[in-house]
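Read the structure below first, then the notes.
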Amino acid sequence: MDHSNYEIDPMITAKSIAARVEELAREISTHFTDTEKLIVVGLLRGSFVFIADLVRELELPCEVDFLEASSYGNSTESSREVRILKDLRGEIEGRDVLVVEDIVDTGRTLKHVLHLLQSRDPKRLEVCALLDKPSRREVDVKARWIGFEIPDEFVVGYGIDYAQRNRNLDHIGKVRFKT
């Protein structure tokens, strides 16, 4: 794939992300203040940077697990077919669970994951998403905590990729294809 056919325009700065992650962690810590241990489930791969920063800010006992679901491949458009590529290692029955997602777009992946996790009978199941694109929603699903609401733009950075590139950017950028 030719990666010289696009540029990345800054959208959300690293400083803004860091400040918002701190705020989200405070809100989540308050919500789960009575938890024995919070199971933080990161949706791979896009959430790995966000989850690392978020759990360092949580003032709760927590355990981290990961689930990998795919609906994009190397495309900028969702295939609308959700596949679970990696399941959780631990049990969540009777536990407090926080799903950490990089971006809620059509909502199909998140809805599929929540249905799967709910079937395992957690005590509480909540969602925190770094980015939300409500204009793209195709199914009724919402994150309790949202870092930033963004317009319908294809974005990269802070763990989010385009064809496995640009995850290492410290900010969120909008992909602009050259014509």
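Here are a few things to note about the model shown:
- Scan of segment 111-156 for residues that are assigned to a helix (DSSP H, G or I) and either of a type in the set (F, W, Y) or in contact with an Asp or Glu (Cβ under 6 Å, 6 or more places away or on another chain) (or both), ordered by number: S135, R136
- Complete set of residues in segment 19-42 that are part of a helix (DSSP H, G or I) and acidic (D, E): E22, E23, E27
- Members of segment 84-122 that are surrounded by fewer than 19 Cβ atoms within 10 Å (Cβ to Cβ), closer than 21 Å to D132 by Cα and of a type in the set (K, R): K111
- Meets criteria (of a type in the set (D, E, K, R) and closer than 20 Å to N166 by Cβ) for D87: no
- Cβ-Cβ under 8 Å pairs, at least 6 apart or on other chains, segment 103-119 side closer than 22 Å to V49 by Cα and acidic (D, E), far side modelled with pLDDT of 95 or more and part of a helix (DSSP H, G or I): none
- Looking across D140, D132, D152, one residue alone is among the acidic types (D, E) and crowded, with 17+ Cβ neighbours inside 10 Å. It is D132.
- Segment 43-59, subset outside any helix (DSSP H, G or I) and in contact (Cβ under 8 Å) with a residue 60 or more places away in the chain, residue farthest from A14 (Cα to Cα): L43
The values are calculated or read from the model by the stated rules, or taken from the named source; none is laboratory data. All figures in this text were calculated on a predicted structure; none of them were measured in a lab. Cβ coordinates were reconstructed from backbone atoms using ideal geometry, including for glycine residues, and neighbour counts include every protein chain displayed.
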